[in-house]
Amino acid sequence: MLSRETSWISSPNHISKCIKYIFIDNEWHDAVSKKTFATINPSTGEEICQVAEGDKADVDKAVKAAKNAFRLGSPWRKMDASYRGALLNRLADLIERDRAYLATLETLDNGKPYAISYLVDLDMVLKCLRYYAGWADKYHGKTIPIDGDFFSYTRHEPIGVCAQIIPWNFPLLMQAWKLGPALATGNVVVMKVAEQTPLTALYVANLIKEAGFPPGVVNIVPGFGPTAGAALASHMEVDKVAFTGSTEVGHLIQVAAGKSNLKRVTLELGGKSPNIIMSDADLDWAVEQAHFALFFNQGQCCCAGSRTFVQEDIYPEFVERSVARAKARVVGNPFDSRTEQGPQVDEEQFKKILGYINLGKKEGAKLLCGGGPAADRGFFVQPTIFGDVKDNMTIASEEIFGPVMQIMKFKTIEEVVERANDSKYGLAAAVFTRDLDKANYLSQALQAGTVWINCYDVFGAQSPFGGYKMSGNGRELGEYGLQAYTEVKTVSIRNYPQQNICVFFPISPSRFVIFFMS
Amino acid sequence: MATNEGQKIPEEEQTAAKLGEGTIPAPLKEWKIQYTKIFINNEWHNSLSGKKFPVFNPANEEKICEVEEGDKEDVDKAVKAARSAFQIGSPWRTMDASERGRLLNRLADLIERDRLLLATLESVNGGKVFSNAYLMDLGGCVKILRYFASWADKNQGRTIPIDGKYFSYTRHEPVGVCGQIIPWNFPLLMLAWKLGPALCCGNTVVVKPAEQTPLTALHVASLVKEAGFPPGVVNIVPGYGPTAGEAISSHMNIDKVAFTGSTEVGLRIKEAAGKSNLKRVSLELGGKSPCIVFADSDMDTAVEFAHQGLFIHQGQTCTAASRLFVEESIYNEFVRRSVERAKKYVLGNPLNQEVQQGPQIDKEQYTKILDLIESGKKEGAKLECGGGPSGNKGYFIQPTVFSNVTDEMRIAKEEIFGPVQQIMKFKTIDEVIKRANNTHYGLAAGIFTKDLDKALTISSALQAGTVWVNCYGSFSPQTPFGGFKMSGNGREMGEYGLHEYLEVKTVTVKISEKNS
């Protein structure tokens, strides 16, 4: 998927100053509490800067601004839909102008290789915003052939104040996934960015102001989950919450919505996605893609192909080649253009991953390569592969979110379907085969929101993404992604002229039955 | 209309059918309750606990029969059956979509065959005026099932022009096992609203009917079997909310829960989903729907619709027009005519042809409504008519109208769910929009005006899932229905209603070369 040609990538920009405040009403604010928190460079473990720490009081302020921007008659509510689209396009243009700077900042704060930040993350951000810009004046309601003498139509209205809580693995991209559909449909937003990676989102806030969005339409509050995140999820004035992150926190958010005001909830959560390699697959391609499926972004993908099921007769060969590929993976300074893998995002993740690796060893999986830290400073983990993994091992059932690949063996297609589906998760799945029947059978049988065939991690702004089961609720991207940001209003109007067709009709001279449905 | 199932009825006959009294047959004089057990796997089961609960006729407070009381263990059994029916390779999963549609149509045919019995039972058990039950509930039920029957093979996925050398398409797959908890105010209709979209999309269901009104749902269960649905596709477990309902909403093996009922319980269901397995939740909850009458409207129409919008089915509708805002200049006249209209009511046995209003559903509701009426009197609203119980047997309440109601009174804020109309006065458009939206509910709204600009401005400004202009309570299977704010999550009916019963699966395939 990734071009190794990096010659046309702009060089990383020097970062001299970061924006580190709360963004409300197109203005910068300190935290009400005056507290700040450190954001760390995961390559070195050193502090980049201190950022204002938003909490409940700041969330309240942001929600108030958002609500005001959403009031009837406000500039945002009265704006033509096409102009909302124009603003989103302008935002994309500004992000493109500052692409090298943003890619640099993303790598600094998150640790992902600069080439990936520049080519993948920023490219997808631009495409996503431009895709949704175009939807702004095309998400049509319907006129409806209702029974009886009525004229009926639907309006697709914005929901209102949307809380959006985004993760640290793709800070800019997740911001775009959230802002695109929310703003295209006319909502206002209070976004909480991950405490590990607040810097790029805050820079984009500046561009939102520059693009000309009215004050209060987008508000960004950096802060922690249990404080600022919880305040959003249980806020009585927030009409909708969209969350991307762990299944554990997803539960808390759905519960908070049920305990407060029944705000609409969309969740994009964890996964333990099966990647099924049939023996008739193109082996070179399958090895490379399975490697990419797991190790991309240091393994920090919710859709990581973290259960690689390989058919028995090619298993030894597949394992051997996968190990060779993993051993060749270049780990190091993410600003070095040869680097394929940077550090994990923070110490907590780093330790958690090493803990899982130890569990794998203890539970009897065969460690084939890697298995420990990859440097003596920064949060680097060696590309690690376990063979002979059994379904009941912890590393085969829990989300590791690191560069640790589990390879399992299977015999028949029925067996692999059952094993692949035997998970509380259902985010993604992949199948490698040359056989059309197998591809069709598996893509229908797998319980997953996305199934990739002979490929992995192919995302397009046009294709919906989201989870079955406990991997989430709802879909993002594509036209389907608009549903999560609209209330459907049915307007039915009585037609007056044809009085000959009664709307309610007499049953006896003094009685009328209203013409509900019959 | 009541009689349009035959598709080809000549127009004169249709008109005759609409207007003639003879089109509504008399209710059955004699009937027998055949089905009182739990329906799982197309078979009848006793409750595992051995418990039963009584079902009453609210018109005379007499017990009709006893029904098996489902609890957690029975729900578990039903979920197991539903899960098994949903297995890959099962008859239901391998069935053609068109055949699913055919089964739904057959179910509609059977309901139509038993229409008179079902309408009679609905009237006896639900206190519903028989002609309403026959025309509205049964007519609506049959229409809904037929509407969704034909969606079965038309709910198309899409092929998607994704970037790069890939071919991408979506499949609209069923969610899986759906728990469906339905209320007592429209027992059959709500059953059809739930079964139609769930089954046409290929889900399996575990339905909990309300403990007040389980009888018609159980009769329909027998028709589900007769129609030929495979065992386990539809399971019906009568029981109570805190036991069977709670077991459904917190079940780890139920993929989706759909609930129609109070906002209070809706909150608990969403919370239970969050605490258990993140099952998808759709909710259709309470309301305090504004109905706005402008001075330029046709007053006779407005009075009649506003009246029906509140008093239909004893005020026991979630969309009840329970905050009636009338423009100052016509306020007095409007109140006068509304009171006159309300006084015309004949209360009594809902099976009786002359009766226009039946009893409230049960003692609890009856007491709650009377308490709210008292609060209205105490808080200074002007009681124009009614205001108390009617008769000394059965849960009858006089049609009640309050005028001079102000927004902060309890009767102006809380859902009464009874025959109590609140009439408020307003001066300007801006004022009435603000007041109409000042509630945590957002289910429905009505506007009466002849002015196009007013109609469009207000229908856009109101926070409500449905806005009726110059009408009220016009439902149809084609139009989506559901709430803004705390009146619910999601939409039922129409194409939009299918979304709640689908998982969208994106399939992306690598291809060697792409051409447009």
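The values are calculated or read from the model by the stated rules, or taken from the named source; none is laboratory data. What you see is a predicted model, and the numbers here were worked out from it, not measured in a lab. Glycine also receives a Cβ, built like all others from the backbone with ideal geometry; neighbour counts cover every protein chain displayed. Quick note on the areas: whole protein, heavy atoms, side chains included, nothing else; ligands and nucleic acids left out. Shrake-Rupley method; radii C 1.70, N 1.55, O 1.52, S 1.80 Å.
Results for (1) among the aliphatic types (A, V, I, L, M); (2) within 7 Å of another protein chain (Cβ to nearest Cβ); (3) farther than 20 Å from residue B:190 by Cα; (4) surrounded by fewer than 24 Cβ atoms within 10 Å (Cβ to Cβ), shown as yes or no for each residue.
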{"residue": "B:484", "(1), (2), (3), (4)": "no, yes, no, no"}
{"residue": "B:496", "(1), (2), (3), (4)": "no, yes, no, yes"}
{"residue": "B:501", "(1), (2), (3), (4)": "no, no, no, no"}
{"residue": "B:507", "(1), (2), (3), (4)": "yes, yes, yes, no"}
{"residue": "B:512", "(1), (2), (3), (4)": "no, no, yes, yes"}
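What do you reckon, is residue B:254 touching a Gly at 6+ places or on another chain (Cβ under 7 Å), at pLDDT below 95 and open to solvent by less than 10 Å² (accessible area, probe 1.4 Å)? Considered against the rule, which asks whether it is touching a Gly at 6+ places or on another chain (Cβ under 7 Å), at pLDDT below 95 and open to solvent by less than 10 Å² (accessible area, probe 1.4 Å), residue B:254 comes out as no. Looking at the stretch B:375-475, the strands (runs of 3 or more DSSP E) lying wholly inside it that each contain 1 or more residues that are open to solvent by 30 Å² or more (accessible area, probe 1.4 Å), among the aliphatic types (A, V, I, L, M) and away from chain A (no Cβ under 14 Å) sit at B:382-385. All told, residue A:386 falls short of being outside any strand (DSSP E or B), more than 9 Å from every other protein chain (Cβ to nearest Cβ), surrounded by 21 or more Cβ atoms within 10 Å (Cβ to Cβ) and aromatic (Phe, Trp, Tyr).
In the condition set (1) under 22 Å from residue A:374 (Cα atoms); (2) surrounded by fewer than 24 Cβ atoms within 10 Å (Cβ to Cβ), residue A:304 is compliant with all but (2).
Could you please find all residues in the stretch B:488-499 being touching a helix residue (DSSP H, G or I) at 6+ places or on another chain (Cβ under 7 Å) and on the phi < 0 side of the Ramachandran plot? B:491, B:492, B:497, B:498, B:499 - these are the residues of the stretch B:488-499 that are touching a helix residue (DSSP H, G or I) at 6+ places or on another chain (Cβ under 7 Å) and on the phi < 0 side of the Ramachandran plot.
Residue pairs whose Cβ atoms lie under 9 Å apart, separated by 6 or more positions or on different chains, with the first residue in the stretch A:143-161 and without any contact (Cβ under 8 Å) to a residue 24 or more places away in the chain and the second in a strand (DSSP E or B), are A:143/A:151; A:143/A:152; A:143/A:153; A:143/A:154; A:145/A:152. Looking across the stretch B:147-163, the residues that are touching a strand residue (DSSP E or B) at 6+ places or on another chain (Cβ under 9 Å) and either part of a loop (DSSP other than H, G, I, E, B) or of a type in the set (Lys, Arg) (or both) come down to B:155, B:156, B:157, B:158, B:161, B:162.
Here is the figure for the stretch A:145-165: residues that are part of a strand (DSSP E or B), more than 7 Å from chain B (Cβ to nearest Cβ) and of a type in the set (A, V, I, L, M, F, W, C) total 5.
Pick from the stretch B:170-180 the residues that are more than 9 Å from chain A (Cβ to nearest Cβ) and open to solvent by 10 Å² or more (accessible area, probe 1.4 Å): which of them is farthest from residue B:244 (Cα to Cα)?
Among those that are more than 9 Å from chain A (Cβ to nearest Cβ) and open to solvent by 10 Å² or more (accessible area, probe 1.4 Å), it is B:172.
The set of residues from the stretch B:222-277 being of a type in the set (Asp, Glu) and part of a helix (DSSP H, G or I) comprises B:226, B:246, B:264, B:271. Filtering B:97, B:119 for residues that are among the small types (Gly, Ala, Ser), within 14 Å of chain A (Cβ to nearest Cβ) and in contact with a helix residue (DSSP H, G or I) (Cβ under 7 Å, 6 or more places away or on another chain) leaves a single hit, B:119. Can you tell me which residue in the stretch A:254-296 is farthest from the other protein chains (Cβ to nearest Cβ), limited to those that are in contact with an Asp or Glu (Cβ under 7 Å, 6 or more places away or on another chain), open to solvent by less than 10 Å² (accessible area, probe 1.4 Å) and farther than 30 Å from residue A:385 by Cα? Only one residue tops the list, namely A:263. Counted as qualifying within the stretch A:411-493 are the helices (runs of 4 or more DSSP H) with 2 or more residues that are open to solvent by 20 Å² or more (accessible area, probe 1.4 Å) and more than 8 Å from chain B (Cβ to nearest Cβ), namely A:413-421, A:436-445. State yes or no: is residue A:395 of a type in the set (Val, Ile, Thr) and under 19 Å from residue A:304 (Cβ atoms)? The answer is yes for residue A:395.
Conditions (1) assigned to a helix (DSSP H, G or I); (2) at pLDDT 95 or above; (3) among the basic types (Lys, Arg); (4) not assigned by the TED database to the domain that holds residue A:374, marked per residue:
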position: A:43; (1), (2), (3), (4): no, yes, no, yes
position: A:51; (1), (2), (3), (4): no, yes, no, yes
position: A:60; (1), (2), (3), (4): yes, yes, no, yes
position: A:67; (1), (2), (3), (4): yes, yes, yes, yes
position: A:76; (1), (2), (3), (4): yes, yes, no, yes
position: A:83; (1), (2), (3), (4): yes, yes, no, yes
position: A:90; (1), (2), (3), (4): yes, yes, yes, yes
position: A:93; (1), (2), (3), (4): yes, yes, no, yes
position: A:96; (1), (2), (3), (4): yes, yes, no, yes
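One line per residue, one yes/no per condition, for (1) under 22 Å from residue A:100 (Cβ atoms); (2) free of Cβ contacts under 8 Å to residues at least 40 places away in the same chain; (3) open to solvent by less than 20 Å² (accessible area, probe 1.4 Å):
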{"position": "A:19", "(1), (2), (3)": "yes, no, no"}
{"position": "A:27", "(1), (2), (3)": "no, no, no"}
{"position": "A:33", "(1), (2), (3)": "no, yes, no"}
{"position": "A:42", "(1), (2), (3)": "yes, no, yes"}
{"position": "A:48", "(1), (2), (3)": "yes, no, no"}
{"position": "A:54", "(1), (2), (3)": "no, no, yes"}
{"position": "A:59", "(1), (2), (3)": "no, no, yes"}
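Restricting the stretch A:330-365 to residues that are under 21 Å from residue A:399 (Cβ atoms) and of a type in the set (D, E, K, R) leaves a set whose member that is most open to solvent (accessible area, probe 1.4 Å) is A:362. With respect to the numbered conditions (1) facing chain A (nearest Cβ under 7 Å); (2) under 17 Å from the mean Cα position of the chain (by Cα); (3) open to solvent by less than 10 Å² (accessible area, probe 1.4 Å); (4) touching a residue at least 24 places away in the same chain (Cβ under 8 Å), which one is the sole condition not fulfilled by residue B:479? Of the numbered conditions (1) facing chain A (nearest Cβ under 7 Å); (2) under 17 Å from the mean Cα position of the chain (by Cα); (3) open to solvent by less than 10 Å² (accessible area, probe 1.4 Å); (4) touching a residue at least 24 places away in the same chain (Cβ under 8 Å), the odd one out for residue B:479 is (4). Within the stretch B:357-368, work out how many residues are in a helix (DSSP H, G or I) and either crowded, with 23+ Cβ neighbours inside 10 Å or aromatic (Phe, Trp, Tyr) (or both). The total comes to 2. When residue B:104 is tested against the conditions (1) surrounded by fewer than 17 Cβ atoms within 10 Å (Cβ to Cβ); (2) closer than 30 Å to residue A:444 by Cα, the lone failure is (1).
Results for (1) within 24 Å of the chain's Cα centre (by Cα); (2) at pLDDT 95 or above; (3) surrounded by 22 or more Cβ atoms within 10 Å (Cβ to Cβ), shown as yes or no for each residue.
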residue	(1), (2), (3)
B:291	yes, yes, yes
B:294	no, yes, yes
B:327	no, yes, no
B:371	no, yes, no
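Filter the helices (runs of 4 or more DSSP H) completely within the stretch B:27-117 down to those with at least 3 residues that are under 20 Å from residue B:188 (Cβ atoms) and either without any contact (Cβ under 8 Å) to a residue 60 or more places away in the chain or not acidic (Asp, Glu) (or both). Those helices (runs of 4 or more DSSP H) span B:97-113.
Among the residues of the stretch A:177-207, just one is small (Gly, Ala, Ser), more than 16 Å from the chain's Cα centre (by Cα) and in a loop (DSSP other than H, G, I, E, B), namely A:186. Quick check: is even one residue across the stretch A:403-410 open to solvent by 30 Å² or more (accessible area, probe 1.4 Å) and out of contact with any Phe, Trp or Tyr (no Cβ under 7 Å at 6 or more places or on another chain)? No, there is no match, as no residue in the stretch A:403-410 is open to solvent by 30 Å² or more (accessible area, probe 1.4 Å) and out of contact with any Phe, Trp or Tyr (no Cβ under 7 Å at 6 or more places or on another chain).
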